């Protein structure tokens, strides 16, 4: 039996959401909240959060959109258990469920009820660091959350394409220097692509990109205004505060 893991219970979105998460390993940060803010959804739809961890992005989306059903998919059974707990903690378990499954296993997803064309929205924050370019954490959970094997992005995008209905929407967050990789992975099944760069501060190079694309569409790419997280004094910008504390959606959600 796996030993009990030390956890904390933390507030995000200025207390609108509470999350239990392990002390060691990957911790919830800005990326999950930005991903939720970039995802448009409506009540009555079904959204699937791939690689959900403790559920931050999917739960933030469910908290914002009344009547939305969300499935949180996480391969690590311990983190999946935390995600299920967090759904109950935030009184969202009537609409949010957690599924322990490998994103790349269609058999596991089918067995969990995620069959082809069963989702209206997919959101995902895949492991996007390259072990050949990054120092690898000795913590296995942190390594699993951060380091992606070659070709992982394409396989996750293929999974999203299988799960989404025609004209369903995929939203993802990735390294800014890997945008061409994202666009290449989307090219086969997605169009009407929108891109929003995330900057650490104004005038600095982007560190993340949020990308939204529509299954089966063929419209041109749209570039959304960048979001700067901090000002020249290293203080959060009003735009970042509106998203990260007040739960405002980003323009890309409606692109």
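The values are calculated or read from the model by the stated rules, or taken from the named source; none is laboratory data. Predicted, not measured: the structure shown is a model, and the values here were computed from it. Note: ideal-geometry Cβ built from the backbone for every residue, glycine included; neighbour counts use all protein chains shown.
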Complete set of residues in the range 217-253 that are modelled with pLDDT of 95 or more, within 26 Å of residue 117 (Cβ to Cβ) and either out of contact with any helix residue (DSSP H, G or I) (no Cβ under 9 Å at 6 or more places or on another chain) or not in a loop (DSSP other than H, G, I, E, B) (or both): 217, 222, 252, 253
Pick from the range 108-127, criterion out of contact with any strand residue (DSSP E or B) (no Cβ under 8 Å at 6 or more places or on another chain) and surrounded by 14 or more Cβ atoms within 10 Å (Cβ to Cβ), ranking: farthest from residue 42 (Cα to Cα): 108
Total residues in the range 145-185, condition touching a helix residue (DSSP H, G or I) at 6+ places or on another chain (Cβ under 6 Å), buried (at least 19 other Cβ atoms within 10 Å of the Cβ) and more than 19 Å from residue 57 (Cβ to Cβ): 1
Per-region count, the range 229-244, residues surrounded by 15 or more Cβ atoms within 10 Å (Cβ to Cβ) and out of contact with any strand residue (DSSP E or B) (no Cβ under 8 Å at 6 or more places or on another chain): 1
In the range 186-208, the residues that are modelled with pLDDT of 95 or more and either surrounded by 21 or more Cβ atoms within 10 Å (Cβ to Cβ) or on the phi > 0 side of the Ramachandran plot (or both): 186, 190, 192, 193, 194, 195, 196, 198, 208
Residue that is farthest from residue 225 (Cα to Cα) [pool: residues in the range 163-199 that are part of a helix (DSSP H, G or I) and touching a residue at least 40 places away in the same chain (Cβ under 8 Å)]: 163
